[in-house]
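Have a look at the structure below before the remarks.
The values are calculated or read from the model by the stated rules, or taken from the named source; none is laboratory data. In this text, all values refer to a predicted model and were calculated from it rather than measured experimentally. Positions of Cβ are generated from backbone atoms using ideal geometry, with glycine treated the same way; all protein chains shown enter the neighbour counts.
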Amino acid sequence: MAEGQVLVLDGRGHLLGCPEAIMAKQVLLGQKTVVVCCEGINMSANFYRNKLNRIFWQTVQGMPPHKTKRGQGALECLEVSDGISRLYDKKKRMVVPAALKVVCLKLTQKFAHLGHLAHEVGWKYQVVNGHTGGEEKGKSQDPLSEKEAAHKATEAG
């Protein structure tokens, strides 16, 4: 990616551990990365903590050498949030196809959503993030599709 651009990853549907490896590599390379919608990440093991963004962040922190200056500088390039922040709601969000739950897990294997697990142990913002996520979903549509629709409307009429 070009210098100064931000890599935005949508966490919904990913399996915990797979996208973290890619994010760890990107932050070590100096790429500014943002992960949104952490409540949609799936996991295949028992795991409980209160803040969803901290679960993802701590998984990424364990991958690069976070005790060195290089590792600490790399982790400063990582931003993790529950839901979609206003800064990134209109930007195109990426997914890691190899890290999706559909690819990584068998159909019969049990899994859990981090949002549901955290809600059961005391996380209070499931309703808030669920509401804003659905509301802002349409804002980051591909701008080309909007232009194409406008172009077709002018050609037809």
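The table for this structure:
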| item | result |
| --- | --- |
| Some residue of segment 104-112 being under 23 Å from Val8 (Cα atoms) and at pLDDT 70 or above | yes |
| Cβ pairs under 7 Å, 6+ apart, first in segment 14-27 and closer than 12 Å to Met43 by Cα, second polar (S, T, N, Q) and in a helix (DSSP H, G or I) | Leu16/Thr59; Gly17/Thr59 |
| Flag if Gly115 is in a helix (DSSP H, G or I) and touching a residue at least 60 places away in the same chain (Cβ under 8 Å) | yes |
